[in-house]
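The values are calculated or read from the model by the stated rules, or taken from the named source; none is laboratory data. What you see is a predicted model; the values in this text were computed from it and never measured. Neighbour counts run over all protein chains shown; Cβ positions are idealised from the backbone, glycine included.
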């Protein structure tokens, strides 16, 4: 029988017998119930005291449901203590791990306030934990692009990559990567790229200096070869093909040096120094004239150019980007193919799209197309005189305009190269010429 029920029945039985003996049954039954209530009240008070303070006085003689509750509380308390110990050990190991990391880590809430930071954040970003807890990150790291990202709404991208000078040490450069996680938190990781930046700058300087040094002697060599070719009657007869081949290779080296210098200039500054109004439709018309000359009637050209819109940018950079894409389409499209050049605007910005019906590119090559000297077909690219730097120049020229290059292609199904410009860079030309006052489409054989 349950001890609590047995205890209750014994007290009530004793109260009933005593009541019958003195003729006060209900009175003594009431007294017995009060005794039971007082006993349970004391037991529960002792249990409450035990759960709050761990005092075990008067709990050893409490059989029944109170004792069962006590055992359950003991089991739960032991489990809680074990979990607390494991959690403390985990937190200690986590802190040791984050301290040993070479990168700075900062947890920021959705409002841009600092929730946590590791020790490296003090060295790289000047953020001290826990001193700066609750501070707004944008107040400690004053960088416009970071502040703009932190103040964004839910539409901001899940990831952001920035390159900044360390606010704690002006001689150190940092790569900051921000990732969203959970519903309302951001994880900022700052990596020291000072050494990489210096090596990269040395590489750029070496390429630029070497190209400058090579250009002068190569110009002299090319000039003498041209003179030999023009004065062919004074040269042995079998020299003709050899001089022509040397001139061809000298011209190819000159093109390579020019492309290296262009790429070096684009890499040296990531921002536009002087932006001006660019009439993209007129620029593309001029590029198409050169493309038709290069094609020599072998291709069909279709143009769809909106002359009412332009860009705020650098004329030379944009010409280099667009001409590289169009001339590539001519070189890699078989005779009889069609090349379509479009300049248009939509709700996302403005776009220059060059689509061809050429041989296409296998999808496995697409991620690496803009790498320096990367060639899909090495033998064919060299035979056509390509330097392997064209799309790298396109990528960097677009990057300076906050634009992106989108490539879509399948082997045997042609290619689409599209330059996507943000809406902030697009201009509406009020004085567009009559010739291009409206969107025009034409096809030329």
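Among the residues of segment 13-36, write down those that are within 30 Å of residue 71 (Cβ to Cβ) and free of Cβ contacts under 8 Å to residues at least 24 places away in the same chain. Correct list: 13, 14, 32, 33, 34.
Just one of the listed residues (161, 187) is closer than 14 Å to residue 106 by Cα, within 19 Å of the chain's Cα centre (by Cα) and surrounded by fewer than 17 Cβ atoms within 10 Å (Cβ to Cβ), and it is 187. Of the residues in segment 148-162, at least one is modelled with pLDDT of 85 or more and touching a strand residue (DSSP E or B) at 6+ places or on another chain (Cβ under 8 Å). The single residue among 44, 69, 87 that is at pLDDT 75 or above and more than 22 Å from residue 6 (Cα to Cα) turns out to be 87.
Checked against (1) crowded, with 17+ Cβ neighbours inside 10 Å; (2) over 24 Å from the mean Cα position of the chain (by Cα), residue 135 meets all criteria but (1). Consider segment 74-111 and keep the residues that are in contact (Cβ under 8 Å) with a residue 40 or more places away in the chain and not in a strand (DSSP E or B). The one that is nearest to residue 175 (Cα to Cα) is 103.
Considering 258, 237, which residue is at pLDDT below 90, in a helix (DSSP H, G or I) and over 21 Å from residue 429 (Cβ atoms)?
Values: 237 fails: in a helix (DSSP H, G or I).
It is 258.
When the strands (runs of 3 or more DSSP E) confined to segment 348-440 are screened for residues that are closer than 25 Å to residue 162 by Cβ and either modelled with pLDDT of 90 or more or out of contact with any strand residue (DSSP E or B) (no Cβ under 7 Å at 6 or more places or on another chain) (or both), those reaching at least 2 such residues are found at 404-409, 415-422. With respect to the conditions (1) farther than 19 Å from residue 314 by Cβ; (2) touching a residue at least 40 places away in the same chain (Cβ under 8 Å), residue 268 falls short on a single one, namely (1). Residue 39 falls short on exactly one of the conditions (1) under 22 Å from residue 69 (Cα atoms); (2) modelled with pLDDT under 80; (3) surrounded by fewer than 11 Cβ atoms within 10 Å (Cβ to Cβ), and that condition is (3). For residue 303, the criteria (1) assigned to a helix (DSSP H, G or I); (2) farther than 17 Å from residue 403 by Cβ; (3) more than 29 Å from the chain's Cα centre (by Cα) hold in every case but one, which is (1). In the set (1) in the same structural domain as residue 394 (by TED's automatic domain parsing); (2) farther than 24 Å from residue 351 by Cβ; (3) outside any loop (DSSP other than H, G, I, E, B), residue 291 fails one condition alone, (2).
Looking at this structure, is residue 298 in contact (Cβ under 8 Å) with a residue 60 or more places away in the chain and either more than 27 Å from the chain's Cα centre (by Cα) or on the phi < 0 side of the Ramachandran plot (or both)? It is false that residue 298 is in contact (Cβ under 8 Å) with a residue 60 or more places away in the chain and either more than 27 Å from the chain's Cα centre (by Cα) or on the phi < 0 side of the Ramachandran plot (or both). Filtered by the rule that a residue be touching a strand residue (DSSP E or B) at 6+ places or on another chain (Cβ under 6 Å) and not in a strand (DSSP E or B), segment 306-317 gives 306, 315.
Condition (residue is outside the structural domain of residue 326 (by TED's automatic domain parsing), free of Cβ contacts under 8 Å to residues at least 40 places away in the same chain, farther than 30 Å from residue 354 by Cβ and not in a helix (DSSP H, G or I)) applied to segment 206-223: is it met by at least one residue? Looking through segment 206-223, none of the residues is outside the structural domain of residue 326 (by TED's automatic domain parsing), free of Cβ contacts under 8 Å to residues at least 40 places away in the same chain, farther than 30 Å from residue 354 by Cβ and not in a helix (DSSP H, G or I).
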